[in-house]
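The next block holds one structure in the form of C-alpha cells; read it before the comments.
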2 protein chains.
Amino acid sequence: MVNLVQLGLGPLGQKVVRFALQRSGLHYVGAVDPAPDKVGRDLGELCGLKELGVTISKDLATALKGKKADVAIITTVSSVAQQLVQVEEAAKAKLDIVSTCEELSYCQGTFPETAAKIDAICEAHGVSCVGTGVNPGFLMDYLPCVLTSVCQNVEQITVRRFQDAAQRRIPFQQKIGAGLTLEQFRHKVSDGTLRHVGLAESVRMIAACVGWKVDNFTESLDPILATERITTGHRMIEPGMARGVEQIGHGWVDGREVITLHFRAAVGEPESADTVEIRGEPSFKSTIPGGINGDIATCAIIVNAVRAIRNAAPGLKSMLDMPVPGYFQHL
Amino acid sequence: MVNLVQLGLGPLGQKVVRFALQRSGLHYVGAVDPAPDKVGRDLGELCGLKELGVTISKDLATALKGKKADVAIITTVSSVAQQLVQVEEAAKAKLDIVSTCEELSYCQGTFPETAAKIDAICEAHGVSCVGTGVNPGFLMDYLPCVLTSVCQNVEQITVRRFQDAAQRRIPFQQKIGAGLTLEQFRHKVSDGTLRHVGLAESVRMIAACVGWKVDNFTESLDPILATERITTGHRMIEPGMARGVEQIGHGWVDGREVITLHFRAAVGEPESADTVEIRGEPSFKSTIPGGINGDIATCAIIVNAVRAIRNAAPGLKSMLDMPVPGYFQHL
C-alpha cells in the first residue's frame, strides 16, 4: 500500500487521481490546490468520483497534518525554477516525488545548478524524485535511449511525433493554435502559451545516454498553415489560418546534427505516428502507427512511475537511471 | 576505465570482444576458454584483431592472477544451472557480471531457488549480475515492459519476431533447421539443439512487471515446411523440407491467454519485423520493419549492459530493475 498526496488539481491532476485509484495498492491521503474554488472540497467529488474523505488543502503542511504519506504526485508547473519550492517542501516531508514538470525531466542537462540543488535536498531527506510524462519523459527521450541498447554504434537519432489533431479534444486543438490567424498564432507564441516544453530536456537526455557532448541546441516553432478549408476539427479552418504547430529541436556536435526531434500536431495532418529512427549499427526504425494518446499516456506513466520511484535510490533521478516504470495492476 | 574479463570465446564471445574494444574506456585484462586450441593464445589474435597482450587462460583464477578486473562478461551456456558455478567464481573475485545465459535473464521467475542463490552470492560479495541479449533480454520482454509504461491498463501482450533467414549467415540457417528433412528436424528438436531458449523467461518477466500471476505456461515448437522449391538461402530447399522454425510461448492467467510470444525464423519468410502489440488503455502496436539483427544486437547489448551493471545495486538484477542499458561511446 502506497499513500499518495496530489499537488495540483487541474484537468491533468484530476485524471491522474482517477487513474491512480483504478490501481490496487494506491491510496490518497491528501491533496493540495490553492485555487479558492477547490480548497475545502472533497478530492473524489472534484475528480468526478465518489467522495474519498480527502479534503483539498491550500498547502502541503495542512494536507499532511496527522497523515502518513509516501509519495507526492505533482502536476502543477512546467518550469523547474517554479517547481523547486514544491519539491523542497515534499522532500522535507519525506515524500518521494513524481512530477509532470517538463523541465524537471532532465534538468540535469538544462539547469544543472537547480538539478544539483534538488539532488542534494532529496539525498538529505532520503527521498527520490523524477519528472516524467509522455513527452518529455517517454516518446522523444526514454524510448529512443532504450532502443539504442541493441546498438554497437549510434551516429544519428531522429524522433518524429506527428499527430492529426482532428480527433483530439477542443483544448488540445486550441493549445496547438488550430484555427488561429497568423497574427493570433504569433501572439500566443510570443506570450509563451503556445509552446511544447521539453525538447531541450529530451535532446540533453539522449546526449547524456549516448555520450555526445552537444555543443549547440536550436529549436524552431512555426505554424502549419491551412492551404484549403478544413472541416474535420471542432471548428472550420480557412486557408491561411493555422491548423497546428510544428516544433523541431536540433542537437549538434562539432557542427553535425546528431539529434533531431520533430513534433507536428495539426488538424488535417495526413498521418499520426510516433517514430524513432536510429542511424548506426544497426540502423533501424521503430514506429507506433496512429501514435500514442498524450493525455492517457502522461497520466498513466506518472502513476506507473510511483512504483519505480519507490524502488529507486535517493536523489534526483531521470528516466535513464530508474527501474522500468512499466504498468502495474497492484502495488 | 572498466577492466573486463571475457569468459567464453566461441563466435559470439569473440564478437563481444571486438565490440567492446571499439568503445573507449573498456579494456580487457583477462580471458578464459578451456578449449585446448584456445588456451595460451593471445585474445586479440584469436578475435582477428591485433595482439592485445592478454593470454587466454584455462580458468578464471589463472586469468586473474596479478590482474585487477571489474566486470566478467560470460558467453558460455544457456542453462542457469550450468552457469551457477561460473557466476559464483566471478562474484567471489568481486566482479560484476553480464551474461548471455538465456535462462539467467529471468531465472527469478523460472528457477527461483537458483536465482535466490545467485542473488545471495552477489550480495555477499557486493557485486551485481544480469543476463541479457537481444532475445531473451530485449525484444520479447524488456521492450514490451518499457512500452507498457504509457498504459493505464494492459489486457494482453503479443510479441512477434518474424525473420526471413535468407540473408543470414549459414550457421543461423542451420540453427533454425532450414534445409532439413522432417525426420532430421525432429531429431534435432529431440536432442535439444534446435530450440530458442528464453520464451519462458520472457513470459515470466512481462508477468512480473505487469503483476500477472501466470498459472500456466505452454510452448510449441514446429518446423515451417517448404511448399515449393526455395533457392534464396545458402542451400536449395525442396518442398516438404523444413525452411525454418516456429516457436510460440503462451502465458495464461485464469484460463485466459495474456501473453503470446511468437517467434518465426525461416528462409523465404515474406517479411521480417519485430512487433509488440499491447491491448489495453491505450491499445497500440510498435513495429520495427525489417527486424533487429540478432548477432549484432546481442553482442551490443551485452557491452552496453556493462555501464548499467556498474551503476546497479548489488544482487541479481533483471532488465526490469537496471538503469537503461543504452549505447555509450565511452565510459
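The values are calculated or read from the model by the stated rules, or taken from the named source; none is laboratory data. Everything numeric here is computed off the predicted structure, so don't read it as measured data. Backbone-built Cβ (ideal geometry, glycine too); neighbour counts: all protein chains shown.
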Task: Top-ranked residue in region A:310-331 [being more than 20 Å from B:Pro325 (Cβ to Cβ), touching a residue at least 60 places away in the same chain (Cβ under 8 Å) and surrounded by 20 or more Cβ atoms within 10 Å (Cβ to Cβ); ranked as nearest to the other protein chains (Cβ to nearest Cβ)] - done: A:Phe328
Task: Subset of region B:183-203 that is at pLDDT below 95 and in a loop (DSSP other than H, G, I, E, B) - its residue that is farthest from the chain's Cα centre (by Cα) - done: B:Asp191
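Report the residue count in region A:204-242 for those that are β-branched (Val, Ile, Thr) and either surrounded by fewer than 17 Cβ atoms within 10 Å (Cβ to Cβ) or in a helix (DSSP H, G or I) (or both). Before you say what the answer is, go through the steps one by one.
Just the residues of region A:204-242 that are β-branched (Val, Ile, Thr), to begin with: A:206, A:210, A:214, A:218, A:224, A:227, A:230-232, A:237.
Subset that is either surrounded by fewer than 17 Cβ atoms within 10 Å (Cβ to Cβ) or in a helix (DSSP H, G or I) (or both): A:206, A:210, A:218, A:227, A:231-232.
Of the residues in region A:204-242, 6 are β-branched (Val, Ile, Thr) and either surrounded by fewer than 17 Cβ atoms within 10 Å (Cβ to Cβ) or in a helix (DSSP H, G or I) (or both).
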Task: The one condition in (1) touching a helix residue (DSSP H, G or I) at 6+ places or on another chain (Cβ under 8 Å); (2) more than 14 Å from chain B (Cβ to nearest Cβ); (3) closer than 26 Å to B:Pro144 by Cβ that A:Met205 fails to fulfil - done: (2)
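One line per residue, one yes/no per condition, for (1) among the β-branched types (Val, Ile, Thr); (2) surrounded by 17 or more Cβ atoms within 10 Å (Cβ to Cβ); (3) within 14 Å of A:Cys299 (Cβ to Cβ):
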{"residue": "A:Gly13", "(1), (2), (3)": "no, yes, yes"}
{"residue": "A:Phe19", "(1), (2), (3)": "no, yes, yes"}
{"residue": "A:Arg23", "(1), (2), (3)": "no, yes, yes"}
{"residue": "A:His27", "(1), (2), (3)": "no, yes, no"}
{"residue": "A:Pro34", "(1), (2), (3)": "no, no, no"}
{"residue": "A:Asp37", "(1), (2), (3)": "no, no, no"}
{"residue": "A:Leu49", "(1), (2), (3)": "no, no, no"}
Task: Pair list, Cβ under 9 Å, 6 or more apart: region B:107-125 residue in the same structural domain as B:Ser78 (by TED's automatic domain parsing), other residue polar (S, T, N, Q) and assigned to a helix (DSSP H, G or I) - done: B:Cys107/B:Gln83; B:Cys107/B:Thr114; B:Thr114/B:Gln83; B:Ala115/B:Gln108; B:Ala116/B:Gln108; B:Ile118/B:Gln83; B:Asp119/B:Gln108
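Take B:Gly244 and decide whether it is over 25 Å from B:Val154 (Cβ atoms) and out of contact with any Pro (no Cβ under 8 Å at 6 or more places or on another chain). Before you say what the answer is, go through the steps one by one.
Values: over 25 Å from B:Val154 (Cβ atoms): yes; out of contact with any Pro (no Cβ under 8 Å at 6 or more places or on another chain): no.
For B:Gly244, the condition - over 25 Å from B:Val154 (Cβ atoms) and out of contact with any Pro (no Cβ under 8 Å at 6 or more places or on another chain) - is not met.
Among the residues in region B:147-165, are any in contact with a Phe, Trp or Tyr (Cβ under 7 Å, 6 or more places away or on another chain), more than 14 Å from chain A (Cβ to nearest Cβ) and either in a helix (DSSP H, G or I) or not hydroxyl-bearing (Ser, Thr, Tyr) (or both)?
We begin by selecting, within region B:147-165, every residue in contact with a Phe, Trp or Tyr (Cβ under 7 Å, 6 or more places away or on another chain); these are B:148-152, B:154, B:161, B:165.
Filter once more, keeping what is more than 14 Å from chain A (Cβ to nearest Cβ): B:165.
This time we only want the ones that are either in a helix (DSSP H, G or I) or not hydroxyl-bearing (Ser, Thr, Tyr) (or both), so: B:165.
Scanning region B:147-165, I find at least one residue that is in contact with a Phe, Trp or Tyr (Cβ under 7 Å, 6 or more places away or on another chain), more than 14 Å from chain A (Cβ to nearest Cβ) and either in a helix (DSSP H, G or I) or not hydroxyl-bearing (Ser, Thr, Tyr) (or both), so the answer is yes.
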- [ ] Restrict the check to region B:271-280 and report whether at least one residue is in contact (Cβ under 8 Å) with a residue 24 or more places away in the chain, away from every other protein chain (no Cβ under 14 Å) and over 17 Å from A:Val150 (Cα atoms).
- [x] yes
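This table checks each residue for (1) in the same structural domain as B:Thr114 (by TED's automatic domain parsing); (2) of a type in the set (A, V, I, L, M, F, W, C); (3) assigned to a helix (DSSP H, G or I); (4) under 24 Å from the mean Cα position of the chain (by Cα).
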| position | (1), (2), (3), (4) |
| --- | --- |
| B:Gly13 | yes, no, yes, yes |
| B:Val17 | yes, yes, yes, yes |
| B:Asp37 | yes, no, no, no |
| B:Gly66 | yes, no, no, no |
| B:Thr76 | yes, no, no, yes |
| B:Gln82 | yes, no, yes, yes |
| B:Gln86 | yes, no, yes, yes |
| B:Lys94 | yes, no, no, yes |
- [ ] Scan region A:267-324 for residues that are touching a Cys at 6+ places or on another chain (Cβ under 7 Å), part of a strand (DSSP E or B) and among the β-branched types (Val, Ile, Thr) and jot them down.
- [x] A:Ile278
